Amino acid sequence: MGEPGAVAGRRDGRGRRWEALAQRWEALAGDSPAAQALGAELIARWAELHRRYHDLAHLTAVLDAVGELAGEAEDPAAVRLAAWFHDAVYDGRPGWDEERSAQLAQSRLPRCGVPAARIGETARLVRLTAAHDTLTDGDANGAVLCDADLAVLGRPGYDAYAATIRQEYAHVPDDLFRAGRAEVLRRLLAAPRLYRTAQAAGLWEERARANMTAELARLTAGSAG
């Protein structure tokens, strides 16, 4: 008898998150029919069943982190738009997903009355999330978005995050996944600063490095065994 109630609870929670995100989108993009249609499309994309980490919860977390760091951005609205679009297309193909997501922003936002310059900046920021280590000094908008996207590394729940990443790559054999994931972690750990904004560095840098170091140790121990 407990199973139907648990399922209903999950659906109710998902519905509340959907509604909250719709309100956030309206505050950002307005309530025109075109904006409402785009918001519904984006939320539906983020709710796709094949997603395990890059889902509605991740979108909410990134938007929350952008809110914390928005004072360091030059165009907070563009950063928020980029957060909405940065994994709007997600097929588990790094680089390609970000490019298609940027193209989606460029094709959809004009009908919502977003200025061309802001659309261009939004698309640029989305493409930037394909490889955070390409961020250049002085890119305030990029620093806020990338830091928000990586906030999960330094927040509680890291092990659950790592588990959902593995689920999204369930089609990849264990040895190949360990090698690929270890390379990602080594690249991130090699950066002089994981977070580029002063606020994010103070909030998450130390814990993020500890979390990634521990995961890397587990991955390499597994490959050795």
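Of the conditions (1) hydroxyl-bearing (Ser, Thr, Tyr); (2) closer than 24 Å to residue 215 by Cα; (3) over 12 Å from the mean Cα position of the chain (by Cα), residue 129 clears all except one; give me its number.
Among (1) hydroxyl-bearing (Ser, Thr, Tyr); (2) closer than 24 Å to residue 215 by Cα; (3) over 12 Å from the mean Cα position of the chain (by Cα), residue 129 violates only (3).
So which of 139, 174 ends up being under 23 Å from residue 91 (Cβ atoms) and out of contact with any Asp or Glu (no Cβ under 6 Å at 6 or more places or on another chain)? Give the steps one after another, and end with the answer.
Numbers: 139 fails: under 23 Å from residue 91 (Cβ atoms).
Going through 139, 174 in turn, just one is under 23 Å from residue 91 (Cβ atoms) and out of contact with any Asp or Glu (no Cβ under 6 Å at 6 or more places or on another chain): 174.
Just give me the residues in region 133-153 being surrounded by 20 or more Cβ atoms within 10 Å (Cβ to Cβ), part of a helix (DSSP H, G or I) and in contact with a Leu (Cβ under 9 Å, 6 or more places away or on another chain), in sequence order. Spell out how you get there, then give the answer.
Start the filter on region 133-153 by keeping residues that are surrounded by 20 or more Cβ atoms within 10 Å (Cβ to Cβ), which leaves 141-153.
Now drop any that are not part of a helix (DSSP H, G or I), which leaves 141-149, 151-153.
Once the filter is applied, which keeps residues that are surrounded by 20 or more Cβ atoms within 10 Å (Cβ to Cβ), part of a helix (DSSP H, G or I) and in contact with a Leu (Cβ under 9 Å, 6 or more places away or on another chain), region 133-153 yields 141, 142, 143, 144, 145, 146, 147, 148, 151, 153.
Output the number of residues of region 23-66 satisfying the condition of being over 27 Å from residue 204 (Cβ atoms), open to solvent by less than 40 Å² (accessible area, probe 1.4 Å) and part of a helix (DSSP H, G or I).
Number satisfying all stated conditions: 5.
Condition (residue is in a helix (DSSP H, G or I), β-branched (Val, Ile, Thr) and in contact with a Lys or Arg (Cβ under 8 Å, 6 or more places away or on another chain)) applied to region 154-173: is it met by at least one residue?
Step one: filter region 154-173 for residues in a helix (DSSP H, G or I), giving 154, 158-168.
Pick out the ones that are also β-branched (Val, Ile, Thr) and you get 164-165.
This time we only want the ones that are in contact with a Lys or Arg (Cβ under 8 Å, 6 or more places away or on another chain), so: 164-165.
Yes: region 154-173 contains one or more residues that are in a helix (DSSP H, G or I), β-branched (Val, Ile, Thr) and in contact with a Lys or Arg (Cβ under 8 Å, 6 or more places away or on another chain).
For residues in region 134-193 being among the polar types (S, T, N, Q) and over 20 Å from residue 55 (Cβ atoms), which is farthest from the chain's Cα centre (by Cα)?
Within region 134-193, the first condition is being among the polar types (S, T, N, Q), and the residues that meet it are 134, 136, 141, 164, 167.
Filter again for over 20 Å from residue 55 (Cβ atoms), leaving 134, 136, 141.
Numbers: 134: 17, 136: 19, 141: 15 Å.
Among them, the one singled out is 136.
The values are calculated or read from the model by the stated rules, or taken from the named source; none is laboratory data. In this text the structure is predicted, and so the values were computed from the model without any measurement. Every residue, glycine as well, gets a Cβ built from its backbone with ideal geometry; the counts of neighbours run over all protein chains shown. The protein model used for the area step is the full one, side chains on, heavy atoms only, and it has no ligands, DNA or RNA in it. Shrake-Rupley method; radii C 1.70, N 1.55, O 1.52, S 1.80 Å.
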